1. What do you reckon, is GLU306 in a helix (DSSP H, G or I) and more than 27 Å from GLY133 (Cβ to Cβ)?
2. Within region 135-157, which residues are surrounded by 18 or more Cβ atoms within 10 Å (Cβ to Cβ), of a type in the set (S, T, N, Q) and over 17 Å from PRO186 (Cβ atoms)?
3. Which condition from (1) at pLDDT below 95; (2) under 24 Å from GLY214 (Cα atoms) is the one that GLY324 breaks?
4. Cβ-Cβ distance below 6 Å, separation of 6 or more or different chains: which pairs start in region 247-267 with a residue that is within 21 Å of LEU163 (Cβ to Cβ) and end on one that is open to solvent by 30 Å² or more (accessible area, probe 1.4 Å) and acidic (Asp, Glu)?
5. Could you tell me whether any residue of region 263-272 is of a type outside the set (A, V, I, L, M, F, W, C) and within 36 Å of the chain's Cα centre (by Cα)?
6. If I ask for residues that are under 24 Å from THR146 (Cβ atoms), surrounded by 19 or more Cβ atoms within 10 Å (Cβ to Cβ) and not basic (Lys, Arg), which ones from region 186-213 would you list?
7. Which number in (1) open to solvent by 50 Å² or more (accessible area, probe 1.4 Å); (2) assigned to a loop (DSSP other than H, G, I, E, B) marks the one condition that ARG253 misses?
8. Looking only at region 260-274, count every residue that is part of a loop (DSSP other than H, G, I, E, B) and surrounded by fewer than 21 Cβ atoms within 10 Å (Cβ to Cβ) and tell me the total.
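The values are calculated or read from the model by the stated rules, or taken from the named source; none is laboratory data. None of these values were measured; they are calculated from a predicted model. Here the Cβ is made from the backbone with ideal geometry for all residues, glycine too, and neighbour counts use every protein chain on show. The accessibility values were calculated without ligands, DNA or RNA, using every heavy atom of the protein model including side chains. Shrake-Rupley method; radii C 1.70, N 1.55, O 1.52, S 1.80 Å.
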Amino acid sequence: MRNDNSPPPPESGSSIDPDRSWFTRRSTLVVGVAALAPAALAGWVLTQAFAGSGSDGPSGSASRSASHAALSPGQRDAKPGSTPSASTSTAAAAPAPAPAKGPLTGKTVVVDPGHNAGNFEHTEEIDQQVDIGTNRKECDTTGTTTNAGYKEADFTLDVSLRLRTALESQGAKVVLTHQADRPWGPCITERARIGNEAQADAVVSVHADGVSAGNRGFHIILPAKVKSGAADTAKIVEPSRQLGERIAGNFARTTGSAPANYLGSGTGLVVRDDLGGLNLSTRPKVFIECGNMRDAKDAAQLTSPEWRQKAAQGIADGIVGFLGG
């Protein structure tokens with residue numbers, strides 16, 4: 001049997017020395033192995049480099065150092081596995097929108113939505129008598145409705161919210177006396193107090209009338225000169241008239257509605273001394289009766305969202321004219 005490690009026998013006719021042939025093949029094998037060694041070593045080094053990114057070896061340290069330097073200070077101090085707090089987040093929190101700037105910037109307007117739809121279920125509470133200076137009256141009333149049952153309180157709140165949006169777009173700070181966020185009220189005394197405590201530059205109480213059909217149009221109610229008990233309107237009579245005149249002109253132009261045909265002698269302006277909301281105010285204040293809910297033609301306007309938007313804009317334009325010049 002031939003030993004596999006012994007050199008093979010020479011081919012017939014060959015003159016090659018068997019020992020030299022074996023040596024040549026062995027040398028070739030050694031050279032091949034030597035050629036493969038650097039490639040294998042390079043592969044091992046590359047593997048270690050990748051593996052080192054997650055180890056404590058030099059390559060891992062270098063990789064972590066580069067990543068560490070890219071982090072914010074708060075992120076570098078965070079413990080592994082923890083959730084970065086808002087203060088360490090790379091994304092800054094979105095800033096709050098800046099208040100609108102306009103002719104009413106720095107001005108405060110109090111808007112008083114007349115009545116409250118909940119008053120119908122709280123007649124005992126709103127019937128309580130309060131002192132309005134000249135006499136005593138109910139805390140509030142239910143307000144009127146259209147013949148189809150659309151409540152004045154729903155109308156006044158809708159217009160008031162639209163009015164707030166219009167005024168805020170001109171830079172005003174707007175305070176509402178209520179937003180139907182209470183079961184009834186507030187009383188007329190509280191409504192006046194809200195305007196006084198806000199040191200409002202103007203106060204508008206939004207209403208709609210409820211007289212007999214055929215009586216149409218809007219009117220503005222101005223405070224009379226009153227000095228009795230807690231009521232003293234001497235300082236607000238003239239600025240309130242100016243406010244009312246501005247609103248009347250703009251309201252007519254924007255809505256297309258005419259001044260009332262049943263009072264005010266066609267001027268759209270009426271003076272009264274029996275309304276606690278005016279008597280107890282220390283700030284320029286008016287009421288606006290936007291139309292007659294009991295007249296079919298006026299009711300069609302009052303129940304229209306498009307017309308209510310015009311009404312709110314007309315009132316806002318009047319306030320801007322009064323406060324913004």
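1. Considered against the rule, which asks whether it is in a helix (DSSP H, G or I) and more than 27 Å from GLY133 (Cβ to Cβ), GLU306 comes out as yes.
2. THR144, THR145, THR146
3. It fails just one condition, (2).
4. Correct list of pairs: ASN250/ASP317.
5. Yes, region 263-272 contains a residue that is of a type outside the set (A, V, I, L, M, F, W, C) and within 36 Å of the chain's Cα centre (by Cα).
6. ILE188, VAL204, SER205, VAL206, HIS207, ALA208, ASP209
7. With respect to (1) open to solvent by 50 Å² or more (accessible area, probe 1.4 Å); (2) assigned to a loop (DSSP other than H, G, I, E, B), ARG253 is out only on (2).
8. Matching residues across region 260-274 total 6.
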